[in-house]
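Quick note: the coordinates plus some simple rules give every number you see, no bench work behind them. Remember, predicted model here, so these are calculated numbers, not experimental data. No Cβ is skipped: glycine too gets one built from the backbone with ideal geometry, and neighbour counts run over all protein chains shown.
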Amino acid sequence: MAGYLAVLSSCCEYRPVAEQAHVTVIFQDAAPTVRSIGPDEDKITDISLLIFDESGDAEDCLWLHNGSRSCTTDLLANKRYIFCACANFGYQVYADHMEELQEISFHMAYPDEYREGIPMAAVEEFFINEDCTIEMSLQRLMAKISIRMDRSRLDDDVEMNVRSARIGNCPRYVRPFIESSIDNED
């Protein structure tokens, strides 16, 4: 019996349970690239936040659909995580594994149809070792086009008006978590 206890005690080591870290995530919108921003350019109506562990498995998936720009979650401490966020899609985005993110696509509408805000996304990696607050910068998923006129060679009383502008070959779909490329001619 003494030999049995010795074997039992040697294979049942004490292993401390990994500690939790309370993480607050604050989302920053894309900074304007010109002096004046367009209407509702910084509007955020919903954000899907997907958090993956080092092996690419989903740890947490949060959906903020009330216009909030921050959320909290509890993760295991002393681990590296990949945070993926997309904003203004109008629905919750979810994936069980990071590889599934490559298949997520968003149908791009005309700019005047962005009543819910311009679609944005972000991917950042963080090492979480204790309770913390992290910031993620959301970036637009569509190009911003500005038409400017150089009036330096004109007198002050000369007036110019742009009556129309056409932009062609705009993408219809975007995949927020892979590099930009052309899939086909459409």
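Annotation for the range 123-164: GluC sites (Glu not before Pro) lying in DSSP loop with at most 14 further Cβ atoms inside 10 Å of their Cβ are E130, E159. Ordering S152, N129, Y173 by Cα displacement along the dipole of the range 121-177 toward the positive end leaves Y173 in first place; charges were set at the Cβ atoms of Lys, Arg (+1) and Asp, Glu (-1).
Using the Cβ-Cβ distance between M149 and M108 with R0 set to 30 Å, the FRET efficiency from 1/(1 + (r/R0)^6) comes to roughly 0.65.
Using θ = phi - 60° in the Karplus curve 6.51 cos²θ - 1.76 cosθ + 1.60, the 3J(HN,Hα) couplings for the range 81-92 round to 10, 10, 9, 10, 10, 9, 10, 6, 7, x, 8, 7 Hz; x is entered for Gly and Pro.
Placing R0 at 22 angstrom, the Cβ-Cβ distance between Q92 and Q139 gives a FRET efficiency of 0.65 after rounding to 0.05.
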